[in-house]
Amino acid sequence: AVITLILCFSSDHEVASAIVVPVSSVWCVGGPRLEQRRCYFRNLCYSFPHDEFVFVRGADSLVQGLPPTGGPLEAPTTERGVSPPAPPPGGNGDFSVSGGVKSDLRGGASVKSALGGGAKRSLRYRGEAVADLSGGVEAHGNTDFHFSYVEIPEAAIRGKNFTSSILPEKMLVFRRFKPDNLMHVLHDDLLPLWATLAELEYAGARDYRVFFADDHDEGDYWELYRVFRSRTHLNSHHPLVKRSLRAEVDKDADLVCFATATVGAVAHTKWYQYGYDRFQGPAADATITGSKIRAFAHFIRKGLEIPKYDIDMPRYGSRVRQKQPYAVLFNRRSDRLILNEVELSFAISREFNLSTVTVSLETHSLSGIIHLLENATMLIGMHGAQLALSMFLPRHSILLELFPYGLPAAHYTPYRTLAHLEGLDLIYRAWENPDPAKSHPHPEYPVHHGGFVLDATRKIPEQQQAEIVSNVPVKPHRCCKDPAFLFRMYQDTVVDLPGFIRTAWEAFTQRQERLKNRKTESSNATAATFSPAEVKNLNCSYRPGKGVFHVDWEEPWNRAFLGGATNGGEFRMRYLVRVQPAGATEYTEFESAETHLDVPAAEDGGGGLASGSGVHFWVAAVAAGDVVGPWTR
Ligand code: UDP
């Protein structure tokens, strides 16, 4: 049945109100794990009063890539009689069934699924999730980022004066993690958003608008989120948080429906895990490269309309020009202070002949800081979220991270990991404060801020205070409330200048060397990424007089282009030649620097020639960086 909608378009924006609610459909693709999945919806609705996504299921609803809903689930098949395993305490990201089947869920029961041609899947208790709302957080057991919806039968609301407000734009539904912390903003939200939108755009789907399905306000870093604006017609649409969505739609409508919505953020941009279920460290299987981070940084700079050159910021007290090398000293104004910031800044200028500009998030605009970082030689700052901005530094610049007393730099490595990503090409050094006398802890702070104060009248017991103070260096711990970690992390520091300068010189020397070798390094790096094509016209003949097989071939057609990639064709293509008697699984391998080779007949493995069954020859080209091309027989 085709439902006829009566639509009333308002004049100032494109939202329509309907006196009936459109039926929903969903098409999911991707692997069995939530973070591999993406679901495309038609008419995905949202209920403000219930704070839930709603799938209006009708006869015309199409559900693809999820187990069937609405009707009873298919009965367990071969494992009938086997008692179901206990459900896990929280979802673990594995595939699970979609909304509307809650009452049918028997935790862990094995059922036939519509996904993957009837392959069996385990159902989970927290089983409504169909996709992941955040690509950046490795939150094991945390279901906050799992997307789920509730089903309403269309027949039940038909003729009941149920109304919806329809947004005709394409929406990407996403959930932010901690929009008040710059590292989390960049790593957990903006990078996965950028990659997800890029993936959609590569597939030809442009102009997505972002809806943040979380309970945060726009927050201090909204300027960055706003970069993700969609452009439809002449308008540009910024992302929406729930509150601003409400302002855009008919307030009396029962449901807000996105005519087209996509859920499922890519998970391949993470470089760090924060230690929720083990000690923090680089993300396992991280595949993000520095080059992708640079592409992202470029996108952000463009979105913020930051000019490429000619830094001219009178508010810094001087006109810093691109050609005048400078260092940026990042200081925090509220906590984890550098207490001798002015001396430190003078010392850097003196030692390295650099102007030094001191900035902080409290006193400078984000755009201004990013602009400044674009051409900086060095960034120096206390460990903290602001150092994630080092992704905006130019290649071969230096990041010097300072650590308060008692915190081993090797244990807290989000910025070191970032700096070392291949292709970001930063030079990184950590400086740890070795001297408790130059450290100022804050026992007067509340516990969550590294102090001993529980509330207006109570402090943590003295014995526990003593344990915290004696826990040096701080032992490995989980995120994020370890009191010894917080106590040390929120100390202020007087930076020991000679010690710091020694560390800075190491980095500076490395930079000089890198700049000297830059040309060769980058040309090798380019060559290593290219793969040769197949060799052509492979011929082989037996030469009884010489007792050899003569094999020759033509070089891969893209050889000429690979030569250019190695700085004037310095590298020589090599070839691997494999000799294998027909029907055998073993082979003998030879290498040739030319496009021909004589293989002694005795090397045919003894089988092929003697038995008359024949010998196979396989040849593959090997480009610089040991990249082996396809085999030709
Ligand atoms: N922040 C800041 N100045 C300060 C303290 C914090 O700008 O003096 C910012 C910090 O960069 C981050 C947020 O406030 O974006 C939260 O800081 P927190 O200390 O909780 O996190 P951390 O910096 O340790 O990651």
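General observations
- Residues of region 381-433 that turn out to be assigned to a strand (DSSP E or B), of a type in the set (A, V, I, L, M) and in contact with a helix residue (DSSP H, G or I) (Cβ under 7 Å, 6 or more places away or on another chain), as a count: 5
- Going through (1) touching a residue at least 24 places away in the same chain (Cβ under 8 Å); (2) in a helix (DSSP H, G or I); (3) under 31 Å from the mean Cα position of the chain (by Cα) one by one, N517 falls short only on (1).
- Residue that is under 25 Å from V29 (Cβ atoms), at pLDDT below 85 and more than 16 Å from the ligand (Cβ to nearest atom), where the choices are R175, R126: R126
- Residue match in region 186-207 (condition: within 13 Å of the ligand (Cβ to nearest atom) and of a type in the set (K, R)): no
- Boolean, R511 is out of contact with any helix residue (DSSP H, G or I) (no Cβ under 8 Å at 6 or more places or on another chain), part of a helix (DSSP H, G or I) and within 30 Å of A297 (Cβ to Cβ): yes
- Residue match in region 157-171 (condition: surrounded by 18 or more Cβ atoms within 10 Å (Cβ to Cβ) and either within 16 Å of the ligand (Cβ to nearest atom) or at pLDDT 95 or above (or both)): yes
- Of residues in region 359-380 being in a helix (DSSP H, G or I) and not hydroxyl-bearing (S, T, Y), the one farthest from the ligand (Cβ to nearest atom): H371
- Enumerated helices (runs of 4 or more DSSP H) restricted to region 168-267, each holding at least 2 residues that are acidic (D, E): 191-202
- For region 221-236, a tally of residues being more than 14 Å from F177 (Cα to Cα) and surrounded by fewer than 21 Cβ atoms within 10 Å (Cβ to Cβ) returns 11.
- Sole residue being touching a Gly at 6+ places or on another chain (Cβ under 7 Å), away from the ligand (no atom under 16 Å from the Cβ) and of a type in the set (V, I, T), chosen from V266, V249: V266
The values are calculated or read from the model by the stated rules, or taken from the named source; none is laboratory data. The structure presented is a predicted model; accordingly, all values stated were derived computationally and were not measured. Neighbour counts run over all protein chains shown; Cβ positions are idealised from the backbone, glycine included.
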